[in-house]
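Asks: One structure follows; several queries about it will come next.
The values are calculated or read from the model by the stated rules, or taken from the named source; none is laboratory data. Here the structure is a predicted model, which means the values were calculated and not measured. Methodologically, a virtual Cβ is constructed for each residue, glycine included, from the backbone with ideal geometry; neighbour enumeration extends over all protein chains shown.
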Amino acid sequence: MVVIPGLLVRDETSDFGTFGKLMIGSFVCDTIELPWRGNRRGKSCAPACKALFKPKISPTHGPCLEEWDDPKTPEREDIKDRDNIQFHAANLAGDVDRGYVSQLLGCIAPGIDRANFAPNVRPCGPKAQKGVTGSKAAMKKLLSVVGENVLSLTICWKEGVLDGSFGSPGGY
């Protein structure tokens, strides 16, 4: 098993979602996750952490990367208090309690770029919303970069992004 390093730096979070940049070697893409809501399952992105992701075929999302704890090591390498976090294709991850559309329940979606989606135009709902574009293409590229290897991902926040609301996001 080959472990390849990666870094996800989150640089924005709002009711539209949490946006960041994923970097694995020379591969770079945008990402979207749920807004930071104190690590609440199905409502929040996960806290800053270090985690392993392994290729998997999901019955719901097809080929994806899913968090994984290596049973051969004494460390815990999956995300604390969460399970089944995946990288899979999606465009929107807004706060549904505030009327936005989300295609994620705690997972991470890669994208080619960030964009503003007009209200009532697929995939958006009645409110204008920010999201990512080209998620299926970005996911295909991400899977080809990782291959059959394991991704060792450090997830962190860009300094100054959070205003302290909704609890601590972790410190990586």
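Asks: Answer yes if at least one residue in the stretch 16-23 is surrounded by 15 or more Cβ atoms within 10 Å (Cβ to Cβ), β-branched (Val, Ile, Thr) and at negative phi, and no otherwise.
Replies: Yes, the stretch 16-23 has at least one match.
Asks: Tell me, which residue of the stretch 1-15 that is over 21 Å from Leu151 (Cα atoms) and touching a Pro at 6+ places or on another chain (Cβ under 9 Å) is surrounded by the fewest Cβ atoms within 10 Å (Cβ to Cβ)?
Replies: Ser14
Asks: Something else about it: Would you confirm, using the coordinates I've provided, whether Asp15 is of a type outside the set (Lys, Arg), under 25 Å from Gly125 (Cα atoms) and touching an Asp or Glu at 6+ places or on another chain (Cβ under 6 Å)? Give the derivation first.
Replies: Details: of a type outside the set (Lys, Arg): yes; under 25 Å from Gly125 (Cα atoms): yes; touching an Asp or Glu at 6+ places or on another chain (Cβ under 6 Å): yes.
So Asp15 fits the description; yes.
Asks: Identify all residues within the stretch 1-50 that are β-branched (Val, Ile, Thr) and in a loop (DSSP other than H, G, I, E, B); write none if there are none. Break it down into steps so the answer makes sense when it comes.
Replies: Our first condition is that a residue be β-branched (Val, Ile, Thr); within the stretch 1-50, this holds for 2-4, 9, 13, 18, 24, 28, 31-32.
Within the stretch 1-50, just Val2 meets the criteria.
Asks: Might you let me know whether the stretch 78-85 holds any residue that is in contact with a Phe, Trp or Tyr (Cβ under 9 Å, 6 or more places away or on another chain), touching a residue at least 24 places away in the same chain (Cβ under 8 Å) and within 26 Å of Gly125 (Cα to Cα)?
Replies: Applying the first criterion (in contact with a Phe, Trp or Tyr (Cβ under 9 Å, 6 or more places away or on another chain)) to the stretch 78-85 yields 78, 85.
This time we only want the ones that are touching a residue at least 24 places away in the same chain (Cβ under 8 Å), so: 78, 85.
From the residues that got through so far, the ones that are within 26 Å of Gly125 (Cα to Cα) too are 85.
Yes, there is a match, as at least one residue in the stretch 78-85 is in contact with a Phe, Trp or Tyr (Cβ under 9 Å, 6 or more places away or on another chain), touching a residue at least 24 places away in the same chain (Cβ under 8 Å) and within 26 Å of Gly125 (Cα to Cα).
Asks: Taking Asn39 as meeting all but one of (1) of a type in the set (S, T, N, Q); (2) buried (at least 16 other Cβ atoms within 10 Å of the Cβ); (3) at pLDDT 95 or above, write down the number of the exception.
Replies: That leaves (3) as the condition not met.
Asks: May I ask you to list the residues in the stretch 47-77 that are of a type outside the set (D, E, K, R), farther than 18 Å from Gly134 by Cβ, out of contact with any helix residue (DSSP H, G or I) (no Cβ under 7 Å at 6 or more places or on another chain) and touching a residue at least 40 places away in the same chain (Cβ under 8 Å)? Before the answer, list the steps.
Replies: Step one: of the stretch 47-77, the residues of a type outside the set (D, E, K, R) are 47-49, 51-53, 55, 57-65, 68, 71, 73-74.
From what is left, the residues that are farther than 18 Å from Gly134 by Cβ are 47-49, 51-53, 55, 57-60, 68, 71, 73-74.
With out of contact with any helix residue (DSSP H, G or I) (no Cβ under 7 Å at 6 or more places or on another chain) added as a condition, the list becomes 47-49, 51-53, 57-60, 68, 71, 73-74.
Matches in the stretch 47-77: Pro47, Ala48, Cys49, Ala51, Leu52, Phe53, Trp68.
Asks: Additional query: Being within 15 Å of Ser102 (Cα to Cα) and not hydroxyl-bearing (Ser, Thr, Tyr) is the filter here; which residues of the stretch 27-39 pass it? So that I can check it myself, show each step before the final result.
Replies: Filtering the stretch 27-39 for residues within 15 Å of Ser102 (Cα to Cα) gives 31-37.
Within the stretch 27-39, Ile32, Glu33, Leu34, Pro35, Trp36, Arg37 meet the criteria.
Asks: Also, quick follow-up: Among residues belonging to the stretch 25-36 that are surrounded by fewer than 20 Cβ atoms within 10 Å (Cβ to Cβ) and of a type outside the set (Ser, Thr, Tyr), point out the one that is nearest to Glu77 (Cα to Cα).
Replies: To start, the set of residues in the stretch 25-36 that are surrounded by fewer than 20 Cβ atoms within 10 Å (Cβ to Cβ) comprises 25-28.
Those left that are additionally of a type outside the set (Ser, Thr, Tyr): 25, 27-28.
Details: Gly25: 21, Phe27: 23, Val28: 23 Å.
Only one residue tops the list, namely Gly25.
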